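**Q** Sharing a structure below in C-alpha cells format, with a few things to ask.
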Amino acid sequence: KIADSLWAIYASRNYVAAHGAPESPADLAKHPLIGFEETMTRHRAVTWLREVAPGATYAARNTSVLGLVYAANAGAGLAPLPMALGDAEPDLVRVFGPVPELTRPWRILAHPDQRHAPGVEAFFAFILGETEALRPILSG
C-alpha cells in the first residue's frame, strides 16, 4: 500500500452560489446528483449514493470519473470524485468529505513470478522511495 484513494463530494462554484451546498450526506437528496451509469452498480460510489440518498434525482450519469468531473464543472449538480482530481479543478468546490465509505487503498502489485525480476524490483524500490512525494498526488 502506498496511499489511500480519498473521495469527497464536489460541485462547481457557480452551482454552490446558486443552490447552496449540502452539509452532510443526508442533504444530498435535496440536490441533483452526478453519478455513474447503472452498468456500474458495483462501484462503491454508486452503492454509497444509493444508501445515503435513495430518492435523489440524477442530473447526469457517466461511465468514467472524468465524465463526472466534466459534468460537475458544467454545474449539473453534485458529484463524488477522488480528491486528487476534484481538488485540482479550480472551478470545483469540495462541499464535504472525505467520505470514509469511499476510501480505498492504492497498492502496487506484481505477479509472484515477476516480483524479483530486476526491473520490477527497481520500480518497487523507486516507488517506495517516492511514496511521500506521491501521496498528495494519489490521495489529494
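**Q** Between Ala125 and Glu101, how many nm apart are label points set 7 Å from Cα along the C-beta direction?
**A** 4.4 nm
**Q** Now a separate question. Projecting each Cα onto the charge dipole of segment 93-140 (Lys/Arg +1, Asp/Glu -1 at the beta carbon, about the Cα centre), which of Ala117, Trp106, Gly140 comes out farthest on the positive side?
**A** Going by the Cα projections, it comes out as Gly140.
**Q** Ok, one more. Under a 1.4 Å probe, what is the accessible area of the chain per residue, stated in Å²?
**A** Heavy-atom accessible area per residue stands at 56 Å².
**Q** I'd like the accessible area for Glu121: 1.4 Å probe, protein heavy atoms, all chains in place, Å² to the nearest 10.
**A** 80 Å²
**Q** Would you please give the residues with an amide H less than 5 Å from that of Val99, counting only those at least 5 places away or on a separate chain, with H modeled from the backbone geometry?
**A** Under 5 Å from the amide H of Val99 lie the amide H atoms of Trp7, Ala8, each far enough along the sequence or on another chain.
**Q** Given the Cα atoms of the chain, and with Rh set as the inverse mean 1/r over their pairs in the Kirkwood sense, what is Rg to Rh to two decimals? Intermediate values should be presented prior to the final figure.
**A** Numbers: Rg = 17.3 Å, Rh = 16.2 Å.
Taking Rg over the Kirkwood Rh, I get 1.07.
**Q** Pop a pseudo-label 7 angstrom from the Cα along the beta-carbon direction at both His19 and Glu132 and give the gap in nm to one decimal.
**A** Calculated label separation equals 4.2 nm.
**Q** Using per-residue counts of other Cβ atoms within 10 Å, averaged over each peptide, order 89-95, 16-22 from highest down. Don't jump to the answer; show the numbers that get you there.
**A** Details: 89-95: 16.6, 16-22: 14.7.
Per-residue Cβ counts within 10 Å, averaged per peptide and sorted highest first, yield 89-95, 16-22.
**Q** If you plug each phi of segment 57-64 into the Karplus form 6.51 cos²θ - 1.76 cosθ + 1.60 with θ = phi - 60°, what whole-Hz ³J(HN,Hα) values come out, in order, with x for Gly and Pro?
**A** These are the phi-based 3J(HN,Hα) values: 9, 9, 7, 7, 9, 8, 9, 9 Hz.
**Q** List, largest first, the extents of the alpha carbons of segment 11-78 along their principal axes, each in whole Å.
**A** 33, 24, 15
**Q** Given points 7 Å out from each Cα along the Cα-Cβ axis, report the Thr41 to Asp113 separation in nanometres with one decimal.
**A** Rounded to a tenth, the inter-label distance reads 3.7 nm.
**Q** Same structure, new question: How large a share of the accessible area of the chain, in percent, is made up of carbon and sulfur atoms when the probe is 1.4 Å and the other protein chains stay in place?
**A** Values: 4420 of 7850 Å².
Carbon and sulfur: 56 percent of the exposed surface of the chain.
The values are calculated or read from the model by the stated rules, or taken from the named source; none is laboratory data. None of the values given here were measured: they were computed from a predicted structure. A quick note on method: Cβ atoms are made from the backbone with ideal geometry, for glycine too, and the neighbour counts reach across all protein chains shown. SASA here: full protein model, heavy atoms, side chains in, ligands and nucleic acids out. Shrake-Rupley method; radii C 1.70, N 1.55, O 1.52, S 1.80 Å.
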